[in-house]
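Down below is the structure, laid out as structure tokens.
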Amino acid sequence: MPIRPIEWIAESSQGPLPGHIRMIDQTKLPTELVYINTRHVIHVHEAIRMLRVRGAPAIGVAAAMGVVCAIQDKQTGSAQQIVEEAIRAADYLAGTRPTAVNLFKALSRMKSVAEANKSLCMIELKNVLAKEAIAIFEEDRAMCRRIGEHGASLLKDGQTILTHCNAGSLATSEYGTALAALYVAREQGKTLHVYSDETRPLLQGSRLTAWELMQAGIDVTVICDNTAAQVMKEGKIDAVLVGADRIAANGDSANKIGTYSVAILAKAHNIPFYVLAPSSTFDMSLPTGAGIPIEEREPDEVVCGFGKRTAPEGAKVYSPAFDVTPARLITAIVFENGVVSPDELEKALATAPTSVSR
């Protein structure tokens, strides 16, 4: 069974409430597997901001559950006060990270459900919100499993795959996006090898992707980010699989910084470049990737990463956390309903079931 980086733990057999969030502290990996248990929205905010929980789908789930944490212990007052508290919590959590659209979609959903059910009594409303957060979690699990099935159809036995950052179980509710294809392919009896870019500056590829692939028994080799061109030149890469934090209507895709470079290299070496992501990552309000907001991280992550200074005191730093890969460099986008070329994305969503674009 793939790893679950986050889940809601009900503390009673009577329903989801009372309960708490259980999540892996991903800043401790790969040397320690540490779980955080919390009932407090302030802890969820800190966990998202500090990348204890990360990956576009996973932070959407975490934020939805964070709203439940904010309202579940309210014992007095009206349903309207619960609605107001849920909205305050959602707005608070929305300030954690700007690029991944899943965060905002999940919070918008929680606010809409709160407003739509404000005629209920306070206890019923709290339970409805808890069930909605759990539904977001379960929907992500199901979508990622289907992404894995579609993605696995693109892979042949014996191939070698390059990944960038972490788009596995640790980034979602369970199966992952890009790595889901590897997990399903393995279930089908295919033997694959993976080269995992380390992914500077926070090393999600070496710390997280390599760790979870090794846990799953999948052969993986860690390489420095600037080694990608060399392994492609040596003919060692058959396909590139990456995730996404936001995909614009034309197929332009935002993912961890360095993805754009890998896409250019793949194009130069005639290697297919696949983006795997749930439809919750699509932002059809943006015509192109030019409108995707790009988070900028703290300088210390670059010049003093993991506690060791690697640049002079006072050195200037520019550290965008994401870049946008133009659609022209993407071979196909894989989502829960299939495999499409970037220019087919809008049409594919228009004909998809209503639940897909929810």
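For region 334-345, the set of residues classified as among the aliphatic types (A, V, I, L, M) and closer than 11 Å to N250 by Cα consists of L345 only. Only one of the listed residues (I264, I294, I247) is among the aliphatic types (A, V, I, L, M), under 18 Å from the mean Cα position of the chain (by Cα) and not in a strand (DSSP E or B). That residue is I294. Does region 101-108 contain at least one residue that is under 30 Å from L179 (Cα atoms), within 18 Å of the chain's Cα centre (by Cα), assigned to a loop (DSSP other than H, G, I, E, B) and modelled with pLDDT under 95? Within region 101-108, not a single residue is under 30 Å from L179 (Cα atoms), within 18 Å of the chain's Cα centre (by Cα), assigned to a loop (DSSP other than H, G, I, E, B) and modelled with pLDDT under 95.
The set of residues in region 267-291 that are part of a loop (DSSP other than H, G, I, E, B) and crowded, with 24+ Cβ neighbours inside 10 Å comprises A277, P278.
For (1) surrounded by fewer than 17 Cβ atoms within 10 Å (Cβ to Cβ); (2) modelled with pLDDT of 95 or more; (3) within 27 Å of G307 (Cα to Cα); (4) in contact with a Ser or Thr (Cβ under 8 Å, 6 or more places away or on another chain), each residue gets a yes or a no:
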| residue | (1), (2), (3), (4) |
| --- | --- |
| V184 | no, yes, no, no |
| G189 | yes, yes, no, no |
| D197 | no, yes, yes, yes |
| Q204 | no, yes, yes, no |
| M214 | yes, yes, yes, no |
| I218 | no, yes, no, no |
| R246 | no, yes, no, yes |
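S108 passes every criterion in (1) closer than 18 Å to D283 by Cβ; (2) in contact with an Asp or Glu (Cβ under 6 Å, 6 or more places away or on another chain); (3) of a type outside the set (V, I, T) apart from (2). Within region 297-326, the only residue that satisfies the criterion of being more than 20 Å from the chain's Cα centre (by Cα), touching a residue at least 60 places away in the same chain (Cβ under 8 Å) and crowded, with 17+ Cβ neighbours inside 10 Å is V302. Flag: S196 does not match the condition of being without any contact (Cβ under 8 Å) to a residue 60 or more places away in the chain, assigned to a loop (DSSP other than H, G, I, E, B) and out of contact with any Pro (no Cβ under 8 Å at 6 or more places or on another chain). Note on region 53-76: residues that are small (G, A, S) and either part of a loop (DSSP other than H, G, I, E, B) or at positive phi (or both) amount to 1. Count of region 20-37 residues, restricted to those that are farther than 18 Å from P57 by Cα and in contact with a helix residue (DSSP H, G or I) (Cβ under 7 Å, 6 or more places away or on another chain), is 3. Residues in region 311-329 that are closer than 20 Å to C165 by Cβ and assigned to a loop (DSSP other than H, G, I, E, B): V317, Y318, S319, A321, P326. Does S279 count as more than 26 Å from K28 (Cβ to Cβ), at pLDDT below 95 and under 16 Å from the mean Cα position of the chain (by Cα)? Against the criterion (more than 26 Å from K28 (Cβ to Cβ), at pLDDT below 95 and under 16 Å from the mean Cα position of the chain (by Cα)), S279 qualifies. If you go through region 78-117 and keep only what is surrounded by fewer than 17 Cβ atoms within 10 Å (Cβ to Cβ) and over 30 Å from I292 (Cα atoms), you end up with S78, Q80, Q81.
Okay, residues lined up against (1) part of a helix (DSSP H, G or I); (2) buried (at least 24 other Cβ atoms within 10 Å of the Cβ); (3) under 18 Å from the mean Cα position of the chain (by Cα):
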{"residue": "E132", "(1), (2), (3)": "yes, no, no"}
{"residue": "R141", "(1), (2), (3)": "yes, no, yes"}
{"residue": "G148", "(1), (2), (3)": "yes, yes, yes"}
{"residue": "L155", "(1), (2), (3)": "no, no, no"}
{"residue": "A167", "(1), (2), (3)": "no, yes, yes"}
{"residue": "L170", "(1), (2), (3)": "yes, yes, yes"}
{"residue": "Y175", "(1), (2), (3)": "no, yes, yes"}
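Taking region 330-352 as the range and being assigned to a helix (DSSP H, G or I) and over 21 Å from the mean Cα position of the chain (by Cα) as the test, the residues that pass are D343, E344, E346, K347, A348, A350.
The values are calculated or read from the model by the stated rules, or taken from the named source; none is laboratory data. Only a predicted model underlies this, so the values are computations on that prediction, with no experimental measurement involved. Don't worry about glycine lacking a Cβ; one is built from the backbone with ideal geometry, like all the others, and counts go over all protein chains shown.
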